[in-house]
Amino acid sequence: MKIPDNPISRAEILSRLISYRSVDLDVRGGKVFAYCYNPEKEIEETTKQAYVEYLSENALDPTSFPSLVRMEREVVRMIANLLRGDDQVVGSFTSGGTESILLACKSARDKARAEKPHITQPEIILPKSAHGAFHKAAEYFGLNPVLVGLDRKTFQADLAEYEKAITPNTILLVGSAPQYAQGIVDPIRALGQIALKRNLWLHVDACVGGIHLSFQRQIPGFEPIDFDFSVPGVTSLSVDMHKYGYAPKGASIVLYRDKSYRRHQIFSTINSATYALVNANIQSSRSGGPIAAAWAALHAMGSAGYRDIVSAVMKKTYQMVDRINAHPHLRVLGKPDVCMFSIASDTINVFELADEMRKKGWYLQPQFSTEWTPMNLHISVSYGNLGVVDSFLDDLDAATDVVAGRPPLKVDDVRHQVIEMLEGASPAEAMARLSQAAGFVGNELPQEMAFVNTVLEALPRDMGAYMLAEFLNDLYV
Ligand SMILES: *Cc1c(COP(=O)(O)O)cnc(C)c1O
């Protein structure tokens, strides 16, 4: 493909874009329970307009765009106050949860380098439920992840194991509020005590739940769950605006107990013939759009707006959890603390259920098993889903009946099939054989993903991760 010789009209461009989109998940009908968090139409229009208004401004240079500094300060201060930080708490606006987490890990590493230079193999303690972004940070920044198991009933980080995992090389403790997979908050107060006792940095990943939990606490009838700066020992927090903050994507906040921690986040150089570079973020040039849109979301929703949504979403979530737990084939893992949970089954392959639901337009997110959790499907409920929950539950019943009525795709059978198929194959041949078996044709994805997901479930995790990387490398030109 080449750049077109001659310009194409705006109308033609937009119509082509919309036709490209016909193959995508429909994120506007409320049938997708991951990836997108849609607010009311009116609020979405406001944030969109704010985004476009600031599309061209560049937050790279605070001296040229003071209005972006002002908005970033206001957004950070509003979120720091919501998370009960005092006026020493500072933060940065980032492009997403991953960037917030990368920056917190990099800051912790650089603080340890400065203050504990004898540590040459820094370790970070990660409950198995911590988000993959921490593993990415570990790989990017040369940190050794030390994994901690979960309580088999609550799916919280196992505290006894957590304490044992700490060594003289530990530089960072991590807990989640909540962990994404099952929507369950780690015992943050206990982790804070461990952090204080050992004089260690504790990062709380409140990417998905920070805003939701803060408003949930304000609503009568909900048991308050403490995870924020009110908990002694919490050093930093990541809070996404583009999830339950209902801002458009490209918006997250990383917060620190005080400026001395954030200092390690900032990079500056004048060793280049180009302009002086001083960045708090990983990105350098960055659009003002996400900042303006997040600022607009907070103002358009107001605390009252967030509380209303949290109430409504939790009411629906409880209905869903109760109905699924009453189902003979399905159950919800643990007792979710927020509007996110996961569905497992002792009788059917839930990845087949995801495919069956996909045929009806629903998207449920497959998650692989761990030593503590069976394979399951993740559901995040947000405002945009509320109108269709009842039909979702009916379709879930029907789809479960369909899957239960035919012979199941068994993980052990798939494992044997794959072992036989891969016998004597080079890595490249192995990929080719598996792709063919899974129904990949060239760059086209298969209609049904249950087999692919079950293969990944059956394979050792490192091998599965290798295959995914190979797949992505082949998918894009
Ligand atoms: C979504 C999420 C992240 C990563 O955020 P991105 O915005 O996708 O980069 C990290 N931690 C938790 C708990 C999350 O839910």
Once you keep just the Cα pairs under 8 angstrom separated by 6 or more residues, what percentage relative contact order results for the range 211-265? 28 percent
Would you be so kind as to identify which of Gly175, Val76, Ala157 lies farthest towards the positive end of the dipole of the range 44-184, taking Lys and Arg as +1 and Asp and Glu as -1 on Cβ and the Cα centre as origin? Ala157
Could you work out how much longer the chain between Tyr140 and Asn6 gets when fully extended? Use 0.36 nm per residue separation minus the Cα distance between them, nm to one decimal. 44.0 nm
When the helix-only estimate is applied to the chain (DSSP H runs of n ≥ 4, each -39,500 (n - 2.57), divided by the residue count), what is the mean residue ellipticity at 222 nm, nearest 500 deg cm²/dmol? -14000 deg cm²/dmol
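What does the C-alpha gyration tensor say about the overall shape of the range 269-377? Classify as rounded when a/c is under 1.5, otherwise prolate if a/b is larger than b/c, or oblate.
Numbers: a/c = 3.05, a/b = 1.80, b/c = 1.69.
Prolate, because a/c is 1.5 or more and a/b exceeds b/c.
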Quick shape check on the range 246-303: root eigenvalues a ≥ b ≥ c of the Cα gyration tensor, a/c under 1.5 is rounded, otherwise prolate if a/b tops b/c, else oblate, and it reads oblate
Would you work out which of Phe267, Ile219, Ser236 lies farthest towards the positive end of the dipole of the range 199-352, given +1 charges on the beta-carbon of Lys and Arg and -1 on that of Asp and Glu, about the Cα centre? Phe267
What percent do you get for the relative contact order of the chain when only Cα pairs under 8 Å and 6+ apart count? 19 percent
Within the range 117-186, report the trypsin sites (Lys or Arg not before Pro) that DSSP leaves as loop and that have at most 12 other Cβ atoms within 10 Å. Arg152, Lys153
Among Ile18, Ile309, Ile219, what is the fewest-to-most ranking by other Cβ atoms within 10 Å? Ile18, Ile219, Ile309
Partner aspartates and glutamates for Lys31 [C-alpha distance under 19 Å; skip if fewer than 8 residues away on the same chain]: Glu40, Glu44, Glu352, Asp355, Glu356, Asp390, Asp394, Asp395, Asp397, Glu448
Cleavage-rule hits, GluC sites (Glu not before Pro), the range 352-412, DSSP coil, Cβ neighbours within 10 Å at most 10: Glu371
I'd like the Karplus ³J(HN,Hα) series for the range 215-230: coefficients 6.51, -1.76, 1.60, θ = phi - 60°, whole numbers in Hz, and an x wherever there's a Gly or Pro. 7, 4, 4, 7, 9, x, x, 9, 6, x, 10, 8, 8, 9, 5, 6
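Just how many % of Cα pairs in the chain lie over 35 Å apart, if you round to the nearest whole percent? If you can, show how the numbers build up before the last one.
Values: 42146 of 113526 pairs.
That fraction is 37 percent.
Using the crude model of +1 on Lys and Arg Cβ and -1 on Asp and Glu Cβ, and no other charge, please compute the dipole size for the chain relative to its Cα centre, in debye to 20.
The dipole magnitude comes to about 1240 debye.
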How about the range 314-399: which trypsin sites (Lys or Arg not before Pro) there lie in a loop by DSSP and see at most 16 other Cβ atoms within 10 Å? Lys360
Roughly what % antiparallel, to the nearest 5, for the DSSP beta bridges in the chain? 60 percent
Just to check I understand the Karplus step: with θ = phi - 60° and J = 6.51 cos²θ - 1.76 cosθ + 1.60, what whole-Hz values come out for the range 151-162, glycine and proline as x? 5, 6, 9, 8, 6, 7, 4, 6, 5, 5, 5, 4
Virtual paramagnetic centre 7 Å along Cα→Cβ of Leu277, amide N under 16 Å, in the range 239-268: 265-268
Amide H partners (placed H, <5 Å) of Thr94, local residues excluded: Ser252, Ile253, Val254
Relative contact order as a percentage, the range 74-215, C-alpha pairs under 8 Å and 6+ apart, gives 22 percent
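No value in this document is a laboratory result; all are computed from the given coordinates. Because the structure is a prediction, the values reported are computed rather than measured. As a convention, Cβ positions derive from the backbone with ideal geometry for all residues, glycine included, and neighbour counts pool all protein chains shown.
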